[in-house]
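Below you'll find the structure, written out as structure tokens, and then a few comments.
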Amino acid sequence: MGNQLVTRRRKIAYLVSWFPARTETFILRELQQVERLGGAPVVYALVGAREDAVHPGAGPFIARARYFRHASREVLSANLHWLRRSPRRYLGTWARAIAGNLRSPGFLARALYTLPKAAAVAREVESTGVEHVHAHWATHPALAGWAVHRLTGIPWSFTGHAHDLYVDRTMLRQKLQGAAFAVTISEFNRELLRAWYGPELARKVAVVRCGIDGEQFRPRTGDRPRTGPFTLLCVASLRDYKGHPWLIQAMSLLKRRGHPVRLLLVGDGEDRLALCEQVAKAGLASEVSFLGHQPSDRVAELMREADAVVLPSVVTSAGKMEGIPVCLMEALACELPVVATRLSGTPELVKDGETGLLVPPADAGALASAIERLIRDPALRTRLGRAGRQHVLAEFELRANAEKLYEMFMDGSAAPLRRKRSPDVRVGSERVQRPPEQRDARLGAVPGGGP
């Protein structure tokens, strides 16, 4: 496939809100693989850059990334260009976007911010020969992709992940209708879209996993036993839907049961102060460490030093929840046992009792009992970790999923690959058999009542 794709090199515009973004390493990895396959991706950051969030390998993409100041001559000139060249199309795009976002004040405000920049993106991608536009997140980046397509006719697509589908689906039907295809990260998400919008639009949606690099995230080598207390690692932004309060409650229960456990929290966010206060009140200051944001290579090192990874995600009152957490893929690739909550697409990755342990959301007691089970049973930890890595390399390996996405960029549709795929995947010296595709993703009830 590699040679075929390289000879059909394509310029691809990636639309995102922020670039780089500390919590979106999966986008950076996807860009690297698309470029490896022969693509020429250029990032258009609609909001800006977070310079403190640079991960290894981001430099070349940052150097090429495009940023537009909202009140700039460049943006004004682009809007005047489209108004003069295609007044009906330009004004019609504004009219449809405003009408489509009227019922959501927050989305309407962001649309008024996004559309002028989308016009600037449209002018540049048309002049530079971009052949496909892809947006990450079904919210405002997808709105920009929709607008760019209307102005230029360049085919476009988008990836829907989690909260951008679960919380506010303003204009999502129109985005699906206008896109050449859409991508989502789980069978759970695709079934939601089918339930909300019917089979006709669902046929435009393909599942492409947020893959991880099995070479970067590898098991710890050597026979040196770990020393000290049992070490838990949690890699997640400190935000409500990540469920940290229940993890801290579980730590209190484990301490009362006599288990010496250390918890390392990687990530930051608006809930940090409240969580620090909870840790102090629980008397866990010596057991819980807040490490802040860490680059991906340091996360890989921490995983090789830990005994298990835990992610106690919950569903918020607004409906926000995880898609399939990338940190759990990374942990399983490192042959670490994981404890996670049973929601959204997580069971497609963490198969309870096979590749990890699943517990109900917002249940500190169940969380503590699952961790205690891992503490007491080293053989279980080993079995879960080994099976987890095999599963990740077979279904969530970065290169295979990037190839699938890139071929859709080339073909312009979500149709299955015409070329017969290899029945296995090779990562380094490991040959991993690819299991048969499973249509039953254990979806459970469909949350929400529709768009």
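Miscellaneous remarks
- Here the range 277-304 is the region considered, the condition is being touching a strand residue (DSSP E or B) at 6+ places or on another chain (Cβ under 7 Å) and either on the phi > 0 side of the Ramachandran plot or in a helix (DSSP H, G or I) (or both), and the residue that is surrounded by the fewest Cβ atoms within 10 Å (Cβ to Cβ) is L302.
Let's see how each residue does on (1) at pLDDT below 95; (2) open to solvent by less than 20 Å² (accessible area, probe 1.4 Å); (3) farther than 22 Å from W18 by Cα; (4) in contact with a strand residue (DSSP E or B) (Cβ under 6 Å, 6 or more places away or on another chain):
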| position | (1), (2), (3), (4) |
| --- | --- |
| L37 | yes, yes, yes, no |
| P56 | yes, no, no, no |
| P60 | yes, no, no, no |
| W82 | no, yes, yes, no |
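- Filtering R85, R96, R110, R66 for residues that are closer than 18 Å to V148 by Cβ and touching a Lys or Arg at 6+ places or on another chain (Cβ under 9 Å) leaves a single hit, R96.
- Residue list for the range 348-387, filter: open to solvent by less than 10 Å² (accessible area, probe 1.4 Å) and either under 19 Å from the mean Cα position of the chain (by Cα) or modelled with pLDDT under 95 (or both): L349, V350
- Check on P20, surrounded by fewer than 15 Cβ atoms within 10 Å (Cβ to Cβ), at pLDDT below 90, part of a loop (DSSP other than H, G, I, E, B) and not β-branched (V, I, T): no
- For the range 317-332, taking the residues that are more than 19 Å from V299 (Cα to Cα) and in contact (Cβ under 8 Å) with a residue 60 or more places away in the chain, the one that is most open to solvent (accessible area, probe 1.4 Å) is identified as A318.
- Within the range 60-88, the only residue that satisfies the criterion of being among the polar types (S, T, N, Q) and in contact with a Pro (Cβ under 7 Å, 6 or more places away or on another chain) is N79.
- Pairing each residue of the range 33-47 that is farther than 16 Å from G145 by Cβ and small (G, A, S) with any residue that is open to solvent by 10 Å² or more (accessible area, probe 1.4 Å) and part of a helix (DSSP H, G or I), provided the two are 6+ apart or on different chains, yields C-beta distances under 6 Å for G38/V6.
- Output for the range 360-415, where each listed residue is on the phi > 0 side of the Ramachandran plot and either among the hydrophobic types (A, V, I, L, M, F, W, C) or part of a helix (DSSP H, G or I) (or both): A362
- Number of the exception - L336 against (1) in a loop (DSSP other than H, G, I, E, B); (2) surrounded by fewer than 23 Cβ atoms within 10 Å (Cβ to Cβ); (3) of a type outside the set (V, I, T): (2)
- Failed criterion for H244 (all others in (1) over 24 Å from P378 (Cα atoms); (2) within 22 Å of the chain's Cα centre (by Cα); (3) open to solvent by 70 Å² or more (accessible area, probe 1.4 Å) hold): (3)
The values are calculated or read from the model by the stated rules, or taken from the named source; none is laboratory data. Keep in mind that what you see is a predicted model, and the values were worked out from it rather than measured. Cβ coordinates were reconstructed from backbone atoms using ideal geometry, including for glycine residues, and neighbour counts include every protein chain displayed. When the accessible area is computed, the model is the full protein with side chains, heavy atoms only, and any ligands, DNA or RNA have been set aside. Shrake-Rupley method; radii C 1.70, N 1.55, O 1.52, S 1.80 Å.
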